[in-house]
Amino acid sequence: MDPSALLDGLTERQAEAVTTPGAPVCILAGAGSGKTRVLTRRIAYRVATGSADPRHVLALTFTRKAAMELGRRLEVLGVRDRVVAGTFHALAYAQLRQWWADNDRRPPTLLERKAGMLARLTGGAGGPRVQPADLAGEIEWAKARMVEPEGYEAAAAAAGRQPPLPAPAMASLYQRYEDEKRRRGQVDFDDLLLDLVAALSSDHAFATAQRWRYRHLFVDEFQDVNPVQARLLACWRGAPPDTSTDLCVVGDPNQAIYSWNGADPTQLQHFARREAGATVVVLDDNFRSSPQILAVAATVISTGPGRGGLLRARRPDGPLPWLRSFDTEVDEARGVARAIRDRHRPGTAWSDLAVLTRTNAQLVAFERALGEAGVPVRVRGGGAFLQRPEVKSALRELGPSSARVDAGLADMAIALRRPVAEPAEPSLLDDIPPVPAAEGPAAERLAVLEELVRLGHDYLALEADGTVAGFVAWLGATLRSEPPRASADAVELATFHAAKGLEWPVVFLAGLERGLVPISFARTDDARDEERRLLYVAVTRAERELHCSWARERTVGARTVRRQPSPWWEEIQAARAVLAAGSAPSGPGEWRNRLAAERSRLRGARGGASKGRDQVEVGRHADPEVLAALKAWRTAAARAGGVPAFVVFHDTTLAALAEARPSTRDALLAVPGLGPVKAERYGDDLLAVLAGARPAATPSRARG
Ligand code: ATP
Ligand code: MG
């Protein structure tokens, strides 16, 4: 390719970043400023000008998805097949296999999941709240930071970790895990990096060969590098003065979202200080998003002390962001599905649209609502619901295909509830904490399984004596997500984490609620800061339209919980209000002042109304006697059907019924939580109970 063509459409700064002969190079820039574009063009440019032989280029990133994106962009530039691009892990594995072969060693087998071995090693010690996935996460953190079992306690204390087991027990488990793995001749994913570091450090000839092979190193998303990866990079480059390897890294400190996992963003921040003679290029124009979206992004990121200001927008004005709250998470999913269907028109493909949420479990409701609306979807990251390993194994545990599914689901619901401290008779009017007590990846898995139970309830409402096979078939028909083919035109569903580095014209951010954004287990200031950056990453994926939403009520397993908007919702509202006022702020100072004024106006308005719409509880004025009659009926109906009571109706629905006291079928259907299927099945019973129940003597007995 003609090298000058590779500079087409670049700003002067970007062109400088592509062409600078300096080494190492560090490109520091905000979201959507063209970092990945510059990185890939630099590779192509070096190849085109002959200053780099493509066979000696290594392009690195951290996740498989990011590696795919890098590969896709290199393909467009015509160099994909000639350079090696992939994740640190994939490349380390390839080199290690080479080293094992060179040394006549039998390659160890790869231990793909730590959790199984850890579960066996602990034998359930620590109680049901200690989840193997959390133990695995803690060991991964230690290994990412090159902390060995002996050093674990001190390192964990210094980093303010809250390990799933007391630190001495965690250290001892970590040691036993390492011993057991070695005894079996296995390595885990973290070992791939650590063992390669060891091989490169001890085997001079091997190291020299690798350094000769890969002389030009490029790393995208460098803010997420962890200490082992940084060390590996250093080994690949060799120690000065011998190092002839050139290195180009790009990253954005505001998008560091993996510190919880052991990443070390200071590697990027201090790059220039550590690397004598480094060329640092700063890009500050944004080519992805409308000025309106960037204003929201700047507001999210700059609410913390010392944060960045506005990126300069290079895209034309777009619409104001949409902010909506819904009664329930089901309404939210359906509302988003409707909005998505409305947006699909000539010029807007399904793949121009994405729904992003904080956790994988939240995506299921969207997979379903979009499936019902006939919209093709593709799930990124954690994978489509039915492909998730925990879902697959849970479905197997429900029993043989011909077995009735209700018993298995009830068992699963009970097992899921066990680790969570819960009142004996949860009342919807109580303010139940919004998330499971367990934390981290285990909480995510629990939430996914709770979704499965919930889907099970919906299935049983249609087919009370349905079988496991029937349930699986119904799930497949309901969730209809596309297999992950790059070419398929489908709406993308992804977590905030999995969306990093990607972009869509229209983005829906859903579930912006306290407990999710920020996630409930982010308790320290650092953890909350990381959550804020994560929201910034999510917002900056949008090019033209940004839709934000939350639900006032969410069903978590068997419980329906009241929700509050994310603490950052108000910031987004304030940004929208400033934008709606019309005239653009003249600079960051004025923007901040106007935001502050909007924020206090919003707070004032909320305070004046004592309890805003956000706090209104459906069923708050339920008649207690009618509610008692409905609960008694539900107990009998559940027993007769052999299902848990909540499968018949949630407490919220009963309370809404006891409040509205409908007397006709149509009125029944207007009650939230009561769809046509349940109205068909239980409508007559309910109307009879409601007609027979004696309302309380005076309305003042209703809670209020
Ligand atoms: P992120 O921080 O999200 O990873 P990034 O800095 O890597 O973003 P890119 O993805 O490279 O940004 O670029 C964002 C979008 O802007 C892409 O669609 C890219 O093609 C486009 N873009 C970048 N530079 C220019 C330019 N000079 N002219 C037009 N479009 C550009
Ligand atoms: Mg990028």
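The values are calculated or read from the model by the stated rules, or taken from the named source; none is laboratory data. Treat the numbers as computed from the prediction; the structure is a model and nothing was measured. Cβ coordinates were reconstructed from backbone atoms using ideal geometry, including for glycine residues, and neighbour counts include every protein chain displayed. Just so you know, the surface numbers come from the protein's heavy atoms only, side chains and all, with ligands and any DNA or RNA stripped out. Shrake-Rupley method; radii C 1.70, N 1.55, O 1.52, S 1.80 Å.
Just one of the numbered conditions (1) assigned to a strand (DSSP E or B); (2) in contact (Cβ under 8 Å) with a residue 60 or more places away in the chain is not true of Ala85: (2). Among the residues making up region 518-566, a single one is within 17 Å of the chain's Cα centre (by Cα), of a type in the set (D, E, K, R) and open to solvent by less than 10 Å² (accessible area, probe 1.4 Å): Arg541. Considering each residue of region 37-44 in turn, at least one proves to be within 25 Å of Arg273 (Cα to Cα) and either without any contact (Cβ under 8 Å) to a residue 24 or more places away in the chain or away from ligand 2 (no atom under 12 Å from the Cβ) (or both).
So which of Arg82, Arg120, Arg97 is open to solvent by 30 Å² or more (accessible area, probe 1.4 Å), more than 21 Å from Gln14 (Cα to Cα), outside the structural domain of Ala199 (by TED's automatic domain parsing) and more than 16 Å from ligand 1 (Cβ to nearest atom)?
Every option except Arg120 fails the conditions.
Within the option set Ala629, Ala605, Ala638, being surrounded by fewer than 20 Cβ atoms within 10 Å (Cβ to Cβ), part of a helix (DSSP H, G or I) and modelled with pLDDT under 80 holds for one residue only, Ala605. Counting only residues that are in contact (Cβ under 8 Å) with a residue 24 or more places away in the chain and open to solvent by 60 Å² or more (accessible area, probe 1.4 Å), which one in region 648-672 is nearest to Ala622 (Cα to Cα)? Top of the filtered list is Glu659. Checked against (1) within 16 Å of ligand 2 (Cβ to nearest atom); (2) surrounded by fewer than 17 Cβ atoms within 10 Å (Cβ to Cβ), Gly251 meets all criteria but (2). Taking Val197, is it modelled with pLDDT of 95 or more, under 33 Å from the mean Cα position of the chain (by Cα), open to solvent by less than 40 Å² (accessible area, probe 1.4 Å) and not acidic (Asp, Glu)? In short, yes.
Here Glu75 meets each of (1) open to solvent by 50 Å² or more (accessible area, probe 1.4 Å); (2) touching a strand residue (DSSP E or B) at 6+ places or on another chain (Cβ under 7 Å); (3) not aliphatic (A, V, I, L, M) with one exception, condition (2).
Among the residues of region 314-346, write down those that are open to solvent by 80 Å² or more (accessible area, probe 1.4 Å) and small (Gly, Ala, Ser). Of everything in region 314-346, nothing turns out to be open to solvent by 80 Å² or more (accessible area, probe 1.4 Å) and small (Gly, Ala, Ser).
Scanning region 186-234 for residues that are more than 16 Å from ligand 1 (Cβ to nearest atom), within 20 Å of Trp260 (Cα to Cα) and in contact with a strand residue (DSSP E or B) (Cβ under 8 Å, 6 or more places away or on another chain) turns up Asp188, Phe189.
If I filter region 347-367 down to residues being aliphatic (A, V, I, L, M) and in a helix (DSSP H, G or I), which single residue comes out as farthest from the chain's Cα centre (by Cα)? That would be Ala365.
A single entry from Val282, Val219 fulfils the requirement of being open to solvent by 20 Å² or more (accessible area, probe 1.4 Å) and under 28 Å from Ala44 (Cβ atoms): Val282. A search for C-beta distances below 8 Å between a residue of region 297-313 that is closer than 14 Å to Leu534 by Cβ and any residue that is at pLDDT below 75 and open to solvent by less than 40 Å² (accessible area, probe 1.4 Å), counting only pairs 6+ apart in sequence or on different chains, returns Ile301/Gly308.
Residues in region 20-49 that are open to solvent by less than 50 Å² (accessible area, probe 1.4 Å) and among the polar types (S, T, N, Q): Thr20, Ser33, Thr36, Thr40.
Would you mind stating whether Leu39 is away from ligand 1 (no atom under 13 Å from the Cβ), in contact with a Phe, Trp or Tyr (Cβ under 8 Å, 6 or more places away or on another chain) and not assigned by TED's automatic domain parsing to the domain that holds Pro291? Steps first, please.
On the way: away from ligand 1 (no atom under 13 Å from the Cβ): no; in contact with a Phe, Trp or Tyr (Cβ under 8 Å, 6 or more places away or on another chain): yes; not assigned by TED's automatic domain parsing to the domain that holds Pro291: yes.
No; evaluated as a whole, the condition is false for this residue.
Any residue at all in region 241-248 that's surrounded by 24 or more Cβ atoms within 10 Å (Cβ to Cβ), under 21 Å from Leu28 (Cα atoms) and within 13 Å of ligand 2 (Cβ to nearest atom)? Among the residues of region 241-248, not one is surrounded by 24 or more Cβ atoms within 10 Å (Cβ to Cβ), under 21 Å from Leu28 (Cα atoms) and within 13 Å of ligand 2 (Cβ to nearest atom), which makes the answer no. Only one of the numbered conditions (1) open to solvent by less than 50 Å² (accessible area, probe 1.4 Å); (2) outside any helix (DSSP H, G or I) is not met by Gly9, and that is (1).
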